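Structure, as structure tokens:
The values are calculated or read from the model by the stated rules, or taken from the named source; none is laboratory data. Since the model is a prediction, treat every value here as computed from it, not as a measurement. In this analysis, Cβ positions are derived from the backbone assuming ideal geometry, glycine residues included, and neighbour counts consider all displayed protein chains. Surface accessibility is based on the protein's heavy atoms, side chains included, excluding ligands, DNA and RNA. Shrake-Rupley method; radii C 1.70, N 1.55, O 1.52, S 1.80 Å.
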Amino acid sequence: MGGFEDDEPPSKRARASSVESATLSDIPCYSKPTNPLGGTMARPLTSQGKEVMVGSKGLIKRDEFVRIITKSLYTLGYEKTGAILEEESGITLHSPPVNVFRKQVLDGNWDSAVVTLNTLDLLDENIVKSAVFLLLEQKFFELLRNGNVMGAMKTLQSEISPLGINRKRVHEMASCLISSPQNVLVGFSKPGIESSNSRFKLLEELQKVLPPTVMVPERRLENLVEQALTVQREACYLHNSVDGLSLYIDHHCGRDQIPSQALQVLCAHSDEVWFLQFSNNGKYLASASNDKTAVIWKVDEDGELLLKHTLTGHEKPVMMVAWSPDDCQLLTCGMEEVIRRWDVESGECIHVYEKYGVGLLSCGWFPDGKQILSGLNDQSLCLWDLDGKQADCWEGQRSTKTSDFAVSKDGKLIISTSRDSAILLFNRDTKQERLIEEEHTVTSFSLSEDGDFLLVNLVNEQIHLWNIRNDPIRVKRYTGHKRSRFVIRSCFGGSEQAFIASGSEDAKVYIWHRASGDVIETLSGHSGAVNCVSWNPTNPHMLASASDDHTIRIWGLKKATVKRRDAGSSSGSNGIHMNGSANGNGFVHQCNGSRSK
């Protein structure tokens, strides 16, 4: 495989209770019309318990608990059920004055609403002013919309302005008096102000201003549940679940959620496999080999990988592949040779990129998918338009022995090797340069999905995690894998990229917990150095590894039996599926890649 310290270039989710047995006549009927605002007067039932605190630890106030449940029922549209809960519990969602206030708002009785607001015993004058401002603002726009310009002007001058708050908004409202109705409705009013639901939206805004003891906030129960689930997820050391967290049980992921069993061995290459990468949508895998070919594999609905195309045409070993942002095209880079651009669906070569007298070492896409980037063996980094025209070139930005580079999603930050032990972070807009300085030689690196972290592999058998959001800071170190001569590549992966995986020269795949740095799995099965790993970005249970033993292993969750359907494949007694054919018929689709340049 590609060496590093020699002359070769590198690559590499009930039953009914006894209470429910009562007859229908035992169940109270409620034929009285219900109030969707929760205004039914409570009539406590004598059978209802009177505990002030509820819950196994006695931490939850019963009245608050019932109110947020009631609020949630109304929000979900269960208006009758919410009214029944108020009736049965004896706990009203809102006090009588608040119910009067809410009705006045919905009826547009603005002056009465302001009077009622001042009877709610609000101690903070600023809160009162803010709520009054919202009421009068709504009054102003409704008057203006109805053509009562003088009424709107009077409201602004004698009611809104004297409040002395939100001057910028007051000026905007004043400008509406001299603008056309179109500007009033579109330019200055709040979103939805012109709709029939604008007064309901006003109530939502008032709930954000008034204390929760006065008006229960919208979706409070949902927010509490989400907070609890978030705490459980963050406390789950091995969180790697693809299913949403359940409300029925406490969340916990075990090691069975880490891809640690080889489910497939892909055997389409005839020589060392140096590089592989899943597509952005996780539906394809591309691999590059010393046999001068690249292979596109398709991930079917069952998670099985099937050979789609074998791409031929390079005259030298293929060092690297890169998926276009839309996953419709693929770049392949030969060893100090050319870059070929392929159509993923047809397998045809669309274009060949080359520079006279210079070998290309790496390839990658700009986020817009309209340009590609390449590292050259003359220490330059070049930007190409898709038609092959060189758009830009940065000379002396990189070393010749490592071929990695990365581009941020906004296309502003270009990351490349500056010298053997340094990585350059170059901002295209500001021309600012930042450096990651390492004590040992950098062999490869990869950028996190959010663009804030860089994973750096070093010659001294260490992998460093750097936070590059601002000034680069090393935040974690991972050790245990083996590297003495070749380029070994690592990657982020799993749910929310909570894990780090790497190849190793001892023929194993190592998986670390990203936050702690602990080795949590060591995967055996390859018979040669593991050069590169790639974690499926849309399936945290799928990991791929490429090896000098000419194979690619697909790692998944441990299962009792592994069933596969491909008639053209073989499955050993160990349940590992062997696949090297395109359609299960023994034939491989060969694409010569020599049609166009």
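Of the residues making up region 250-273, those that are more than 18 Å from Leu543 (Cβ to Cβ) and of a type in the set (A, V, I, L, M) number 1. All conditions in (1) open to solvent by 30 Å² or more (accessible area, probe 1.4 Å); (2) among the β-branched types (Val, Ile, Thr); (3) modelled with pLDDT under 90 hold for Val184, with the sole exception of (1). When region 147-168 is filtered for residues that are within 21 Å of Asn126 (Cβ to Cβ) and basic (Lys, Arg), the ones remaining, listed by number, are Arg167, Lys168. Say whether the condition of being surrounded by fewer than 21 Cβ atoms within 10 Å (Cβ to Cβ), assigned to a loop (DSSP other than H, G, I, E, B) and not small (Gly, Ala, Ser) is met by at least one residue in region 105-117. Yes, because at least one residue in region 105-117 is surrounded by fewer than 21 Cβ atoms within 10 Å (Cβ to Cβ), assigned to a loop (DSSP other than H, G, I, E, B) and not small (Gly, Ala, Ser).
Yes or no, residue by residue, for (1) touching a helix residue (DSSP H, G or I) at 6+ places or on another chain (Cβ under 9 Å); (2) at pLDDT 95 or above:
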| residue | (1), (2) |
| --- | --- |
| Gly411 | no, no |
| Ala422 | no, no |
| Gln432 | no, no |
| Ser444 | no, no |
| Ser448 | yes, yes |
| Val459 | no, no |
| Ile463 | no, yes |
| Ser495 | yes, no |
| Asp506 | no, yes |
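Within region 135-147, residues that are under 11 Å from Arg199 (Cα atoms) and in a helix (DSSP H, G or I) reach partners that are open to solvent by less than 30 Å² (accessible area, probe 1.4 Å) and of a type in the set (Ser, Thr, Tyr) with beta carbons closer than 7 Å, at six or more positions or on different chains, in the pairs Lys139/Thr155.
Taken as a whole, region 314-330 holds at least one residue that is within 19 Å of Trp384 (Cβ to Cβ) and either of a type in the set (Val, Ile, Thr) or touching a His at 6+ places or on another chain (Cβ under 8 Å) (or both). Within region 213-239, the set of residues being open to solvent by 80 Å² or more (accessible area, probe 1.4 Å) and assigned to a loop (DSSP other than H, G, I, E, B) comprises Thr213, Arg219, Tyr237. Restricting attention to region 40-94, the residues that are basic (Lys, Arg) and modelled with pLDDT of 90 or more add up to 5. Within region 580-594, does at least one residue satisfy the condition of being modelled with pLDDT of 50 or more and closer than 22 Å to Gln257 by Cα? Among the residues of region 580-594, not one is modelled with pLDDT of 50 or more and closer than 22 Å to Gln257 by Cα, which makes the answer no.
Filtering region 509-536 to residues that are within 19 Å of Ser289 (Cα to Cα) and surrounded by 23 or more Cβ atoms within 10 Å (Cβ to Cβ) leaves Val509, His526, Ala529, Val530, Asn531, Cys532, Val533, Ser534, Trp535.
Against the conditions (1) farther than 28 Å from Ser490 by Cβ; (2) outside any loop (DSSP other than H, G, I, E, B), Leu263 satisfies every one except (1).
Selection within region 240-267: residues that are among the aliphatic types (A, V, I, L, M) and touching a strand residue (DSSP E or B) at 6+ places or on another chain (Cβ under 8 Å). The member of this set that is nearest to Leu285 (Cα to Cα) is Leu266.
Go through (1) outside any helix (DSSP H, G or I); (2) farther than 30 Å from Val54 by Cβ one by one and return the number of the condition Gly151 breaks. Every condition holds for Gly151 apart from (1). Return the residue satisfying two criteria in turn: it lies in region 313-332 and is crowded, with 19+ Cβ neighbours inside 10 Å and in contact with a Ser or Thr (Cβ under 6 Å, 6 or more places away or on another chain), and of such residues it is farthest from Trp365 (Cα to Cα). This residue is Gly313. Within region 537-555, the residues that satisfy the criterion of being touching a Leu at 6+ places or on another chain (Cβ under 7 Å) and open to solvent by 10 Å² or more (accessible area, probe 1.4 Å) are His541, Thr551. Per the listing Asp368, Asp378, the residue uniquely closer than 27 Å to Trp297 by Cα, outside any strand (DSSP E or B), open to solvent by 10 Å² or more (accessible area, probe 1.4 Å) and not small (Gly, Ala, Ser) is Asp368. As a summary of the residue check, Asn280 satisfies the conditions (1) open to solvent by 60 Å² or more (accessible area, probe 1.4 Å); (2) over 14 Å from Met542 (Cα atoms); (3) of a type in the set (S, T, N, Q) except for the one numbered (2). Restricting attention to region 423-460, the residues that are closer than 21 Å to Trp535 by Cβ, open to solvent by 40 Å² or more (accessible area, probe 1.4 Å) and charged (D, E, K, R) total 2.
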